[in-house]
Structure formats: structure tokens, C-alpha cells
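Participant: Have a look at the structure that comes next, please.
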Amino acid sequence: MAQLFGHPESIPKSHYKGVGEIVARWAMLEHHIERLLWKALNLDNKKGRLLTHSLGTRAKIQMLKTITLRWIASPKEQKEVRAIAKAADRLANRRHAIAHGIWGHPLGKPTQIHLFYMREGHQRILPQVERIKASDLARVATAVRALDQRIIAATKGLTVAGSSPPLTQSAVPPA
């Protein structure tokens, strides 16, 4: 028999603290991903923001993977940026579930906080659910902060490959 859950208007303050820290740290992490991209592509802040501001997290992570193919000179730095992209991809799923999931608890057990989330289409019928403690949220926040620090360090030491070839026009069929 399926377990029944309630969805309270509030969750414990310790959970709000963890969720807030994850969301705030993730915003800084995304900003630092953007700055790494700008540096690798030799863009100033204005051009960089124009390019990356409205991109979603997944697109920025894909760009991190792509820039290692041509715009980062050092094989060691390429490897680090690819590792950062892989870690960001994993953490993005967790952050997304925490930031956009629905909180609940088994009926009659209001201190057992659970997170309901739908990462994939089949979960829309029956969402994924897992118990989340404040300490779990603290671990995720620590992981986001550690990854952010790696991105900052990688950006500072980044060796950009030589100038990119000039852009060429795409062939457009006549109207």
C-alpha cells in the first residue's frame, strides 16, 4: 500500500536555511561559470553577459565542455574544466530538485521531511520521493561551495588558446 503524505505550508527552519544556502550558492556558481566562459572566449563583461545571461544551467555546462575542445590551451586545464562541467551537471540535478521540488511528510510524522521531485517524464505520474534531513542539505551546500571555489581557481589560472579564427558567414539559401 502506498504511503500517504501531507504537504504543509511550512517546513522546519533548518530546512529553509539549507535550501536558501543552496539556491544562493548556486547563483554564485552559475555566475562564476559564466565568468570562466567569458575569459576562455576572450569576452569582456558586457559581451559575456549578452551571450550567457539568458542561457539555462544545462547550456552553460555544455559550453564548458565545448570550450575545452578549442579555447583552453593547457591539457591540464582542459581536464579540470571538463571535470568541473561533469560535477556541475551532477549537482545541477540535485539543486534543481531541492529548489523546485515539493516538500512533505508522511501523515502523522511531521518531523520526517521528504522531497518530491520530477526529473523525468514518467515521474510526473508518480514523483520521486526521498527523506531529506537538514544535514543532507548542508552537505549539498558544501558541495556547491567547493565546486564554486574550483571554478574560481580554474578561471584565475586559465590559459586561453591563441586568437580564434575570424567568423565566417553561413551559407544562406536565396529566398
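The values are calculated or read from the model by the stated rules, or taken from the named source; none is laboratory data. Quick caveat, the model's predicted, so the values are computed rather than measured. All Cβ positions, even for glycine, are placed from backbone atoms using ideal geometry, and neighbour counts span all protein chains on display.
Participant: Restrict the check to the stretch 21-35 and report whether at least one residue is surrounded by fewer than 14 Cβ atoms within 10 Å (Cβ to Cβ), at pLDDT 95 or above and under 30 Å from P110 (Cα atoms).
Facilitator: yes
Participant: Let me ask something else. Suppose we filter the stretch 112-127 for residues that are touching a residue at least 24 places away in the same chain (Cβ under 8 Å) and farther than 17 Å from S10 by Cα; how many remain?
Facilitator: To start, the set of residues in the stretch 112-127 that are touching a residue at least 24 places away in the same chain (Cβ under 8 Å) comprises 113-114, 116, 119, 127.
Add one more test, that the residue is farther than 17 Å from S10 by Cα, and what stays is 119, 127.
Selection size over the stretch 112-127: 2.
Participant: Within the stretch 1-13, how many residues turn out to be surrounded by 14 or more Cβ atoms within 10 Å (Cβ to Cβ) and either assigned to a helix (DSSP H, G or I) or touching a Gly at 6+ places or on another chain (Cβ under 7 Å) (or both)?
Facilitator: At the first step, the residues of the stretch 1-13 found to be surrounded by 14 or more Cβ atoms within 10 Å (Cβ to Cβ) are 5, 11-12.
From the residues that got through so far, the ones that are either assigned to a helix (DSSP H, G or I) or touching a Gly at 6+ places or on another chain (Cβ under 7 Å) (or both) too are 5.
The number of residues fulfilling the criteria is 1.
Participant: So which residues in the stretch 137-159 are touching a Gly at 6+ places or on another chain (Cβ under 8 Å) and surrounded by fewer than 17 Cβ atoms within 10 Å (Cβ to Cβ)? Let's see the steps before the verdict.
Facilitator: Step one: of the stretch 137-159, the residues touching a Gly at 6+ places or on another chain (Cβ under 8 Å) are 137-138, 140-141.
Selection gives A138 alone.
Participant: Can you spot a residue in the stretch 99-118 that is within 12 Å of the chain's Cα centre (by Cα), hydrophobic (A, V, I, L, M, F, W, C) and over 26 Å from K39 (Cβ atoms)?
Facilitator: If we filter the stretch 99-118 for residues that are within 12 Å of the chain's Cα centre (by Cα), which is where we start, we get 99.
Next cut, hydrophobic (A, V, I, L, M, F, W, C) only: 99.
This time we only want the ones that are over 26 Å from K39 (Cβ atoms), so: 99.
Taking every residue of the stretch 99-118 in turn, at least one turns out to be within 12 Å of the chain's Cα centre (by Cα), hydrophobic (A, V, I, L, M, F, W, C) and over 26 Å from K39 (Cβ atoms).
Participant: On to the next question. Which of the numbered conditions does M28 fail, given that it passes all the others? Conditions: (1) of a type in the set (A, V, I, L, M); (2) part of a helix (DSSP H, G or I); (3) free of Cβ contacts under 8 Å to residues at least 12 places away in the same chain.
Facilitator: (3)
Participant: Can you find, within the stretch 83-102, the residue that is surrounded by the most Cβ atoms within 10 Å (Cβ to Cβ) among those that are assigned to a helix (DSSP H, G or I) and of a type outside the set (A, V, I, L, M, F, W, C)? If you could, list the steps in order and put the result at the bottom.
Facilitator: Taking the stretch 83-102 and keeping what is assigned to a helix (DSSP H, G or I), we get 83-100.
Filter again for of a type outside the set (A, V, I, L, M, F, W, C), leaving 86, 89-90, 93-96, 100.
Details: K86: 13, D89: 15, R90: 11, N93: 12, R94: 17, R95: 23, H96: 15, H100: 9.
Once the filter is applied, the top-ranked residue is R95.
Participant: Of the conditions (1) modelled with pLDDT under 95; (2) closer than 30 Å to E9 by Cα, I98 clears all except one; give me its number.
Facilitator: Failed condition: (1).
Participant: Still on this structure: Just to be sure before I move on: is L69 more than 30 Å from H7 (Cβ to Cβ), part of a loop (DSSP other than H, G, I, E, B) and of a type outside the set (D, E, K, R) in the structure I sent? Outline the logic, then answer.
Facilitator: Numbers: more than 30 Å from H7 (Cβ to Cβ): yes; part of a loop (DSSP other than H, G, I, E, B): yes; of a type outside the set (D, E, K, R): yes.
Yes, satisfied.
Participant: Further, regarding this structure: Just the residues that are of a type in the set (A, V, I, L, M, F, W, C), surrounded by fewer than 15 Cβ atoms within 10 Å (Cβ to Cβ) and either under 23 Å from Q149 (Cβ atoms) or modelled with pLDDT of 95 or more (or both), please, taken from the stretch 51-82.
Facilitator: A59, A73, listed by residue number.
Participant: Based on what the data block shows, is K39 farther than 21 Å from E80 by Cβ, part of a helix (DSSP H, G or I) and more than 15 Å from the chain's Cα centre (by Cα)? Please lay out each step first, then the result.
Facilitator: Values: farther than 21 Å from E80 by Cβ: no; part of a helix (DSSP H, G or I): yes; more than 15 Å from the chain's Cα centre (by Cα): yes.
For K39, the condition - farther than 21 Å from E80 by Cβ, part of a helix (DSSP H, G or I) and more than 15 Å from the chain's Cα centre (by Cα) - is not met.
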